[in-house]
Structures are given as structure tokens and as C-alpha cells.
Amino acid sequence: MKTGKRLKGVVISKPIVYGNIATELLSKKTDHTHKWTVFLRGPNGQDISYFIHKVEFKLHETFVNNTRAFKTPPYEVTETGWGEFEIITKIYFPPSSGEKPISLYHMLKLYPPESQSQTWPKGKPVNNFFYDELVFSEPTEEFFEALTKGADGPEIPLKVSGTHVFSLESEAAECKRLEAAVAQVTGKYNEYKDRSRVAEIEAAKLRRDIAAIEAAQ
């Protein structure tokens with residue numbers, strides 16, 4: 001039975017893509033100039049719902065029901081408008097994970113770059129995408145199982161077994177060895193640096209003594 005115990009030294013990251021896509025409305029029946037969609041998804045469109053409980057999109061206050069929440073994919077909102085504004089995408093994780101929500105911020109982009117505005121083809125979408133990784137440090141046992149047995153199947157196992165030579169446990173141990181090696185090299189560098197400084201002081205004193213002897217002759 002999995003518990004809420006956290007796994008020391010374990011770090012797992014999950015890639016995501018968020019942002020918006022916008023297309024100019026060629027037939028304008030209102031003052032709205034663009035149709036746009038703001039979204040959160042996997043980099044290749046893969047399912048990410050196995051580690052996400054809920055996604056909220058906070059739009060400009062002028063929108064009716066300006067906070068839109070989704071507990072199942074697709075995590076996206078489609079609207080029309082004319083202005084650009086900041087959108088907050090808030091990601092909630094399963095209650096059993098013990099993880100706090102994470103907020104992502106980006107500006108809704110409707111128009112192409114100014115340098116390309118004159119030559120931008122009619123009807124060509126404007127893409128405003130961002131790549132990020134959600135990092136989970138020392139997840140609970142239950143959440144670890146969800147993270148490693150999602151839509152794409154099991155990932156690196158927690159411990160070494162007969163069929164898995166590599167594991168998060170061995171990875172953490174290797175990181176500790178590398179950190180120890182870096183600390184050792186840094187210590188030696190500082191030691192030689194101190195010796196060099198002392199040698200320079202002694203050399204300068206020796207040069208002064210020689211100069212004094214030569215002056216006295």
C-alpha cells in the first residue's frame with residue numbers, strides 16, 4: 001500500500017507546453033478581431049491528466065466567468081477578442097500528492113511581430129508557445145507511482161532490480177558522488193591558490209631584499 005511518505009533524494013520532472021494560438025477573423029461582425037485558444041498540454045500533445053487534478057485559466061476581468069476550470073483534458077479555452085492581456089494558468093495536482101498549485105503567466109499574443117506585420121499572410125495563425133518542466137522534489141510514494149506509470153508507461157524505477165540497471169536511487173547516489181568530487185577539486189584549487197598567494201608575497205619580499213643589497217654595494 002502506497003503512503004504519503006516522501007521519497008528522499010528523488011526528483012522527477014514533467015515537460016509541458018503552454019501559451020496560445022490566435023487567428024485573425026476575416027469576417028468581423030463585432031469589434032472582435034481575433035479568435036484565440038489558450039492551452040496547457042504535453043509537448044507532443046500526449047496525455048498529462050495522470051498527474052494533474054485541475055487546470056484553471058484566469059482571463060481578463062471583462063470576460064464573463066473569467067476563471068475557467070477543467071478537471072479533464074483538453075485543458076484549453078477558446079474565445080474571441082481584440083486586446084492582449086496577461087493570462088494566469090494555475091495547475092492543481094492530486095490531493096494525495098501533497099503538492100501546492102503552480103501558476104504560470106504569459107501574455108496573450110494576437111498579432112505577429114511588428115517587423116513581420118506588413119508581410120504576415122492573411123489567416124496565418126500567430127503561435128505563442130512556451131516550454132517548461134514541472135519539477136517534483138521528493139514526491140510522495142503514491143504520487144511517484146502516478147508520475148512514473150502515466151500514459152507513456154513506466155519510467156525510470158525507484159530502485160535497482162534484476163531488470164532495471166538504472167534507477168532514481170542510483171542516479172541520486174551518482175549525483176552525491178559528483179558533488180563530493182566537485183567539492184574535493186574545489187578544495188584543492190583553493191589550497192593551491194592560497195599557496196600561490198603566499199609564494200607571490202615571499203617572492204616580492206625576496207626581490208625587495210635583493211634590491212636593498214644591491215643598493216648598499
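Within the stretch 24-58, if we keep just the residues that are out of contact with any Asp or Glu (no Cβ under 7 Å at 6 or more places or on another chain), of a type in the set (A, V, I, L, M, F, W, C) and closer than 30 Å to TRP120 by Cα, the residue that is most open to solvent (accessible area, probe 1.4 Å) turns out to be LEU26. The set of residues in the stretch 83-138 that are open to solvent by 20 Å² or more (accessible area, probe 1.4 Å), over 16 Å from VAL38 (Cα atoms) and aromatic (Phe, Trp, Tyr) comprises TYR92, TRP120. As for the stretch 51-66, it holds at least one residue that is within 30 Å of GLU171 (Cβ to Cβ) and either touching a residue at least 60 places away in the same chain (Cβ under 8 Å) or of a type outside the set (A, V, I, L, M, F, W, C) (or both). When the residues of the stretch 59-82 are filtered to those that are modelled with pLDDT of 95 or more and of a type in the set (Phe, Trp, Tyr), the one that is surrounded by the fewest Cβ atoms within 10 Å (Cβ to Cβ) is PHE70. When the residues of the stretch 89-106 are filtered to those that are in contact (Cβ under 8 Å) with a residue 60 or more places away in the chain and closer than 15 Å to ARG6 by Cβ, which remaining residue is nearest to the chain's Cα centre (by Cα)? Looking at the filtered set, the residue picked out is GLY98.
In the set PRO43, PRO112, only one residue is at pLDDT 90 or above, over 19 Å from GLU142 (Cβ atoms) and part of a loop (DSSP other than H, G, I, E, B); that residue is PRO112.
The values are calculated or read from the model by the stated rules, or taken from the named source; none is laboratory data. Computed from a prediction, not measured in an experiment: that's the story for all the values here. Glycine also receives a Cβ, built like all others from the backbone with ideal geometry; neighbour counts cover every protein chain displayed. The accessibility values were calculated without ligands, DNA or RNA, using every heavy atom of the protein model including side chains. Shrake-Rupley method; radii C 1.70, N 1.55, O 1.52, S 1.80 Å.
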